[in-house]
């Protein structure tokens, strides 16, 4: 078998182009067969010696090489990948990639709009396909993500974008997938003389009421057949009441999670997801009963309370898995965009602390795809789905072995270089030449 | 000799004759004279804390005690007061007070958003606004009647007062709680007071605890220089004040156990023994507190219980706070048992009225009554050198004492009168005798039973009338039946008079009666009117007295049901710290970082804190007591060393000036930071705790080992070289600090270079001045003793910089962009020293060849970038590129979370840039050891090196590897299985404390709302204190 260096051949000509983001790949025009890799399907299954074929951007074959007969003539490119691993493209959720570039530069900051209730604010149109961070993220296997506005009580509407596009329209995987509600803090930081304390929020009940009032009015507005004036904020919530959109409730404290579940029932919200959910493991039965999934807090984070088990954030995925709660991982927090490339290693740490390996893969592939409502097209290696996948020389959840050689989005072969690899090459040459 | 009842003395005492005369003051009216003495007889008299006399006499005149004891002859001119049944105590003394001071000014930092670089005291008071040694409390003192009354009400007759503002606060004065300034001011300059808190000063420096410490140290040196030489060139009233106060008792307001140790170390350096105002948590470090040799002024502000009814909210209350709630009242007892001398202060109490009840709580913990009294009287008196005037009731002492209804340390006793310098101040009126009991009530020939329950001011009473034709009397509590009538009675009782309102019964057989009567022993009688206005005569004769109300008595037995003090006083602490052991690890994959490389199925022996042997087939014959650990499938590596950390610190930046070379992170270590334990669980055994990056020349590093449970000093690596933080780039230019921070030099990279040259030239000249002086000294000494010239001014900042020039202190420089990295190497080259380490060094890959030529190492992040403009060119291959160019490369954390996964960060050098795995592991072990000059002791598995060793469950660079055991100095500070035990112990201890708290709250208030102290996670640019 041959290992054909298709993308590299195409791209060698571009090397001289100085520090530009890589050019988005053209539409898939050749059929590709990946042979003999270990395929982690994303749905919890693994095929040790797999054949995976795709054409016209869609997966056409997923099978065990030892049990399937392959018509090689159907494929123009064959990639021999024995000893390597294939994964569905990893999916970032609750991300701000493309909404901000360099933290300290205000001019690049498109994270948070002014106001408290602003569901109409849409991340999709602000998503910057030319961010220099994105190529560094996808080269570790994260090929798409849910881009989420921040701030206020309702921060706005998120969309799911893929990470190789000329413009935001091209990047859209699912436009306006849901509304983000930051549940009022149950406890907050509070300055008392010289000490900063964390204690219960005194205005919690009032904020809780404001949300109810807002949703109540929106529901009446959306169900009213007569319309005289357009209220953009309520229009944006329409999808929540008819089940077209998901309500993402950002809540960490147990009380907030429980109240969010009550709220779901009160307003007949069909699809709800808890984002954050540090305490979600304490509300497992309620979450299961309400069919509400959780986007867990960053695995690589410190315990919230001094007396918490020192490995609690590492162990939360395993805890939810054992309890039977649907969950996926996400990376909100300090340096969340430039650190997003470490998402696979968060899944790896979850494995070290008790989550079965294929479940860890699932937590950044099919699980987020299901939660985001895109699992009919993405999230697993299954015939008919988008050919959004990658090949890594080794285990992609371990930084020691994560090494992508090919990545495809909808069958298009990505240029895996970035500004960073170009700077690396540039200075490698400098030192080589001076020696 | 006349005997006057107690009540009458009140009237007499109000006359001016009883006040202490202010000789020089004119008098408006006929000048009264003090011509009588005052004698209390039959008193239970506490002459001092050890001497209680029953039936004693206290005789005083003109504000002083004339005599006290049994059989004192009472002179003819004495007014005699029968104090039978009363207790008399010497007044309490509170040494930490701002009574009589003007309101402490609040900081004026709110008025301007611009940083205040200079002192706002524009006179000749020196450069720093927080050094206020010229302030004299005596000159500020004015009696404050309200506050004085409050103090007298809790037994306090004199205080040491000072203006609580600033780091050096000037002198404190002893005043009584009397109300005439001239007589109340007993001693104007009785002590000098210091703190770590700059108070109202909004001047930038110092902006941190370590800055305060450095400022105090520098001021001691400045004061000495000022006396010997400085005075001839400049006047400084604050320093003059400072010097003048040095012979007085020196009091330090520490307010916390660690701050007490910090203060004491300053004192040790300058031969001063402070009296320390504590924080109430000294019991948590008893041995170290005792070792200070200091005596303490202890607050009694015991924490209030929390509302822990909601199990989720209760999580906000940390274990340490729960434990402190339980143990705080035992602080004094434990200090006493440890032999530490202390007094008490009422300061810090949210409500000063809690003082007496707090003292009673202390007694409940088992501290002897005499010790409590001593801490309130003789001890504070002797602390300010007034033990012959205050704190006891002996001839010649100031007549400060109070009269109480009983033992003041028992619940229910109240202070009745307080005499300050012989002058009476009423505190409480004597409680009225109770009239509770059962009475035979007669009126109009009809007998009834009057029952009175409750206590004065709160009686519940009823009148039961048995109708004449009925049989036996009903029991007292039975409901009114057809043959008896029970009527409710309201009682008002004033002195010897009572008013009863007997309500009509429901059947209206009796109308409402309004009765008035007088009390004589056991009998109340008088007249009254019924509803129709008819007068009636009544009489009630007591047949039984009510039993005294059963009060919940928590004093019944001294309870020692107390939790253990753990080290540290946090979750995962232990009462007994783990000890060094001899360990033989077998069947391990050993990553030696030595020429042996990786040894499969290897062995290692740890003994007496060192690695005794590494290899295969090791003999253990020399070690009779050895613990064998089978590490089948496990990997053993040297402990991880974090070259750049900010955990376990109270402050990181003293960024108020372009250089803060004088500040020392070692002075602000917080050994109770939970992240120490968390990082042990990530295999970290040592770290450099660095100053931040807010100024070009930062402060001195602390090199520590993760000795969980040790003290701040105990964490330091003994004999390590000195390091100092420098910084370049946006932080030192204050680029991201907002538009108001445009004042401090430098604001450009150009200015940064000038800062360095300016400081190093000055340091060199400073060194030369000392050399020249030493030369003159040694030659002068030979010739004649008179040739001694004053020494140059000792400057702590220039000392540190001179050490750099002399290659005795080494620079770790925060750096990003290649241009300024290059610049600093030029500065160093031209001044004759070497930059030891560039930290962060994200553009190191651009100047790796220059770094190599200069000899600098690089300690970097594996993959951080894009958080600031200066890191937009950072690449994760940086470590590999520098390493390929022969530079000693480390990966560091600068982050409390990432630090516990540094092995994973090392793996990224394999991923980005293809560094071999053995070399990559050195990025977090041997290489940081080299950069910190500790590689002769740490960083590899080699016989003779420190037994700082980690056992991993998997390949140490793998994301799947968990540290299973972490040894520091051969002590197993982290063990995954022991961690499980500690978790269980934590759950049990919290449950016990919460149960106890709920029990204590039964029938009382719900307790305060749970709150958690917010933990600040420090990074390079974190300002202020934790």
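The values are calculated or read from the model by the stated rules, or taken from the named source; none is laboratory data. These numbers were taken from a predicted model, which means no experiment stands behind them. Note that each Cβ is placed from the backbone with ideal geometry, even for glycine, and that neighbours are counted across all protein chains shown.
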Could you list, in sequence order, all residues of segment B:902-924 that are within 37 Å of the chain's Cα centre (by Cα) and not in a helix (DSSP H, G or I)? B:924
When restricted to A:379, A:411, A:384, the only residue touching a helix residue (DSSP H, G or I) at 6+ places or on another chain (Cβ under 8 Å) and more than 10 Å from every other protein chain (Cβ to nearest Cβ) is A:379
How many of the residues in segment B:999-1018 are in a loop (DSSP other than H, G, I, E, B), closer than 30 Å to residue B:694 by Cα and facing another protein chain (nearest Cβ under 9 Å)? 4
Suppose we filter segment B:634-662 for residues that are over 29 Å from the mean Cα position of the chain (by Cα) and farther than 22 Å from residue B:902 by Cβ; how many remain? 2
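Let's see how each residue does on (1) assigned to a strand (DSSP E or B); (2) at pLDDT 95 or above:
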| position | (1), (2) |
| --- | --- |
| B:46 | yes, yes |
| B:52 | yes, yes |
| B:57 | yes, yes |
| B:66 | yes, yes |
| B:93 | yes, yes |
| B:96 | yes, yes |
| B:102 | no, yes |
| B:105 | no, no |
For residue B:899, state whether it is in contact with a strand residue (DSSP E or B) (Cβ under 6 Å, 6 or more places away or on another chain), away from chain A (no Cβ under 14 Å), under 18 Å from residue B:705 (Cα atoms) and not in a loop (DSSP other than H, G, I, E, B). no
Where residues in segment B:864-883 are more than 7 Å from chain A (Cβ to nearest Cβ) and in a helix (DSSP H, G or I), which of them is farthest from residue B:736 (Cα to Cα)? B:883
Criterion first (touching a strand residue (DSSP E or B) at 6+ places or on another chain (Cβ under 7 Å), surrounded by 24 or more Cβ atoms within 10 Å (Cβ to Cβ) and assigned to a helix (DSSP H, G or I)) does residue B:172 satisfy it? no
Boolean, residue B:211 is assigned by TED's automatic domain parsing to the domain that holds residue B:273, crowded, with 19+ Cβ neighbours inside 10 Å and outside any helix (DSSP H, G or I): no
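Considering only segment B:642-665, I want to know if a residue exists there that is part of a helix (DSSP H, G or I) and surrounded by 17 or more Cβ atoms within 10 Å (Cβ to Cβ).
yes
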Do we have any residue at all in segment B:968-977 that's within 30 Å of residue B:328 (Cα to Cα) and within 12 Å of chain A (Cβ to nearest Cβ)? yes
All conditions in (1) surrounded by fewer than 22 Cβ atoms within 10 Å (Cβ to Cβ); (2) more than 14 Å from chain A (Cβ to nearest Cβ) are true of residue B:838 except (1)
Would you mind telling me which numbered condition in (1) assigned by TED's automatic domain parsing to the domain that holds residue A:333; (2) modelled with pLDDT under 95 residue A:73 fails? (1)
Going by the conditions given, is residue B:701 modelled with pLDDT under 95, within 30 Å of the chain's Cα centre (by Cα) and surrounded by 18 or more Cβ atoms within 10 Å (Cβ to Cβ)? no
Go through the residues of segment A:319-328 one by one and say whether even a single one is closer than 21 Å to residue A:371 by Cβ, within 9 Å of chain B (Cβ to nearest Cβ) and surrounded by 23 or more Cβ atoms within 10 Å (Cβ to Cβ). no
Name the residues in segment A:308-343 that are closer than 16 Å to residue A:253 by Cα and without any contact (Cβ under 8 Å) to a residue 40 or more places away in the chain, would you? A:308, A:312, A:313, A:316
With the checklist (1) modelled with pLDDT under 95; (2) within 18 Å of residue A:187 (Cβ to Cβ) in hand, flag the one item residue A:238 doesn't pass. (2)
Out of A:163, A:117, A:90, sole residue that is at pLDDT 95 or above and closer than 26 Å to residue A:47 by Cα: A:90
Out of curiosity, is residue B:56 in contact with a strand residue (DSSP E or B) (Cβ under 7 Å, 6 or more places away or on another chain) and without any contact (Cβ under 8 Å) to a residue 60 or more places away in the chain? yes
Please verify whether segment B:855-862 includes one or more residues that are at the interface with chain A (Cβ under 7 Å from one of its Cβ atoms) and either within 22 Å of residue B:594 (Cβ to Cβ) or modelled with pLDDT of 95 or more (or both). no
Listed by range, strands (runs of 3 or more DSSP E) wholly within segment A:17-117 having at least 1 residues that are free of Cβ contacts under 8 Å to residues at least 40 places away in the same chain are A:46-55, A:58-64
Please count how many residues of segment B:306-348 are within 14 Å of chain A (Cβ to nearest Cβ), part of a loop (DSSP other than H, G, I, E, B) and under 29 Å from residue B:151 (Cα atoms). 1
Just one of (1) at pLDDT below 95; (2) at the interface with chain B (Cβ under 10 Å from one of its Cβ atoms) trips up residue A:311, so point out which. (1)
